[in-house]
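Input: a single structure, listed below in structure tokens.
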Amino acid sequence: MDKLLAPAPAASPINSGDTAFVLIAAALVLLMTPGLAFFYGGLVRTRNVLNTMMMSLLLMAVVGVTWVLWGYSLAFDVSVKVPEFGQGIEKFIGGLDWAFLNGVKFTEPDPVGYAGTIPHAVFMVYQMMFAIITPALISGAIVERMSFKAYFWFILLWSTLVYPPLAHMVWGRGWLQELGSLDFAGGTVVHISSGVAAVVAVLMIGSRKDFATRPHTPHNVPYVLLGIGILWFGWFGFNGGSALAAGPLAAVAIVATTVSTSAGGLTWLLVEWVLRGKPTAVGIASGFLAGLVGITPAAGFVMPIGAILIGSITAVCCFIAVSLRAKFKFDDSLDTFSVHGVGGTVGAMLTGVFATKVAFGGDAPLGLLDGNPILIWKQFEGVAITYVFAGVATFIILFVLKLFMDLRVPQSVEEQGIDLPVHGEEGYGSEFGSGVFISQSSTEG
């Protein structure tokens, strides 16, 4: 009788459909890092392909551990609940209450209110995938010359001191979110931050020794195409999963991602065809990437026509940026800033134009076309703050590292290629058997 009269247990807020959706999205975002490795690996010369791919895969090892130990807590631990915002230091960085995943449960949602229908641990691991790929993007600017030892310490420090504060300010109830700057899936947090860091890294490390005297054509264009295909596939988890639930908002983001990417590839192809006479495979891949980058901050806020315009405009801007980079002989080797920095900036600003309540939901007007021009200013604030913070922090990290170690490999290693001297292996097995290679210096050990 006591059991019959006892109150029924409270229903769990965990939704199995949402949980499954975000788990799949997390897997898709993780797949993007090997996709990036193929994309970057195909663009460099044969003798550096493994080192270049390792620069992406290394993040899967390092951040996969540090995010659990301290990164997640620094990014998202805050002592308020939605819709409140952090105060004092919590405007800029989280605390350490969730360090070592203390209190991060598998059976309950997070206590802040980031994602109310999935377990806290699922939200944590989904955000981990963003923290993994963001520093990996920087590597495209400094391939074929940066010391792997220096790169290891750089990404360890950058993923601790730069990414968590930015993620907190934008998504963790912090300063930029309080300002009203919109970033659905990482225009500022991921793309602008990595693009700006890339510029600083190039300025501090310098150009490749033979940058102005030898051609640096991609050694494996099929790798590039495979990479962009994997990136596009994974980006559905990147943007769609940022809805944190399987519902209309995820559908808006995935549709926007698809059509923006298509528009970016088509636009780049046509522009290149008209201006240079040949539509190239690397060109259409770059256009697809520009469309993906441009729509990232806007994915959950815009309708399909707005997404097409964002993809097309971003592709044109990135095409111009790539052309200017080549003209001015700035050795951002794989155009990290020209695509991710410029694309993220353009996408963030166009979010202020095309964001609409029809797409996102709610009653409040969002962007310029919704009757709210003030969002453009808020987007500019978010972009400007990200530029300054990421640029200054990256400079400090590299300046300190330079006091303790060489930032680049010895010239003899750079001339021969980094794969054999540093990693003891090569991508295609044609030279290692001969045993003819220059040993790395002790500083690279």
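Figure legend. Inter-residue proximity from region 102-115: first residues open to solvent by 90 Å² or more (accessible area, probe 1.4 Å), second residues among the hydrophobic types (A, V, I, L, M, F, W, C), beta-carbon distance below 7 Å, spacing 6+ or different chains. Indicated pairs: Lys105/Ala121; Phe106/Ala121.
Consider region 341-394 and keep the residues that are polar (S, T, N, Q) and not in a loop (DSSP other than H, G, I, E, B). The one that is nearest to Ala201 (Cα to Cα) is Thr394.
For region 266-289, a residue qualifies if it is closer than 17 Å to Pro222 by Cβ and either under 26 Å from the mean Cα position of the chain (by Cα) or among the hydroxyl-bearing types (Ser, Thr, Tyr) (or both), and the qualifying residues are Thr280, Ala281, Val282, Gly283, Ile284, Ala285, Ser286, Phe288, Leu289. With respect to the conditions (1) over 29 Å from Glu178 (Cα atoms); (2) open to solvent by less than 40 Å² (accessible area, probe 1.4 Å), Asp77 lacks only one, and its number is (1).
The rows are residues; the columns are (1) under 19 Å from the mean Cα position of the chain (by Cα); (2) surrounded by 17 or more Cβ atoms within 10 Å (Cβ to Cβ).
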residue: Ala348; (1), (2): yes, yes
residue: Leu366; (1), (2): no, yes
residue: Asp370; (1), (2): no, yes
residue: Gly382; (1), (2): yes, yes
residue: Ile385; (1), (2): yes, yes
residue: Leu398; (1), (2): no, yes
residue: Leu401; (1), (2): no, yes
residue: Met405; (1), (2): no, no
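The C-beta contact set for region 29-49 (first residue farther than 23 Å from Val122 by Cα and open to solvent by less than 30 Å² (accessible area, probe 1.4 Å), second residue of a type in the set (S, T, N, Q) and modelled with pLDDT of 95 or more, distance under 7 angstrom, 6+ apart or interchain) comprises Leu36/Ser56; Ala37/Ser56; Tyr40/Thr52; Tyr40/Ser56; Tyr40/Ser139; Gly41/Thr52; Gly42/Asn220; Val44/Thr52.
Can you name every residue in region 174-199 that is closer than 25 Å to Gly64 by Cα and open to solvent by 20 Å² or more (accessible area, probe 1.4 Å)? Correct list: Phe184 only. For Ile374, the conditions (1) at pLDDT 95 or above; (2) under 23 Å from the mean Cα position of the chain (by Cα) are fulfilled apart from (2).
For the subset of region 354-364 comprising residues that are of a type in the set (A, V, I, L, M) and buried (at least 21 other Cβ atoms within 10 Å of the Cβ), which member is nearest to Pro297 (Cα to Cα)? So, considering only residues that are of a type in the set (A, V, I, L, M) and buried (at least 21 other Cβ atoms within 10 Å of the Cβ), the one nearest to Pro297 (Cα to Cα) is Ala355.
Yes/no matrix, rows are residues, columns are (1) open to solvent by less than 10 Å² (accessible area, probe 1.4 Å); (2) in contact with a Lys or Arg (Cβ under 9 Å, 6 or more places away or on another chain); (3) under 22 Å from Arg145 (Cα atoms):
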residue	(1), (2), (3)
Gly17	no, no, no
Leu59	yes, no, yes
Trp67	yes, no, no
Trp70	no, no, no
Ser73	yes, no, no
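When Ile138, Ile118, Ile132 are checked against the criterion of being outside any helix (DSSP H, G or I), touching a residue at least 12 places away in the same chain (Cβ under 8 Å) and either open to solvent by less than 10 Å² (accessible area, probe 1.4 Å) or not charged (D, E, K, R) (or both), Ile118 stands alone in meeting it. Restricting attention to region 80-100 and to residues that are in contact (Cβ under 8 Å) with a residue 24 or more places away in the chain and assigned to a helix (DSSP H, G or I), the residue that is least open to solvent (accessible area, probe 1.4 Å) turns out to be Ala99. Apart from one condition, Trp171 fits all of (1) under 16 Å from Asp332 (Cβ atoms); (2) open to solvent by 10 Å² or more (accessible area, probe 1.4 Å); (3) of a type in the set (A, V, I, L, M, F, W, C); the exception is (1).
Number of residues in region 244-282 that are within 17 Å of Gly306 (Cβ to Cβ) and either aliphatic (A, V, I, L, M) or crowded, with 18+ Cβ neighbours inside 10 Å (or both) equals 17. Got at least one residue in region 291-302 being open to solvent by 20 Å² or more (accessible area, probe 1.4 Å) and within 23 Å of the chain's Cα centre (by Cα)? There is no residue in region 291-302 that is open to solvent by 20 Å² or more (accessible area, probe 1.4 Å) and within 23 Å of the chain's Cα centre (by Cα).
The values are calculated or read from the model by the stated rules, or taken from the named source; none is laboratory data. Fair warning: this is a prediction, and the values are worked out from it, not measured in the lab. A quick note on method: Cβ atoms are made from the backbone with ideal geometry, for glycine too, and the neighbour counts reach across all protein chains shown. Just so you know, the surface numbers come from the protein's heavy atoms only, side chains and all, with ligands and any DNA or RNA stripped out. Shrake-Rupley method; radii C 1.70, N 1.55, O 1.52, S 1.80 Å.
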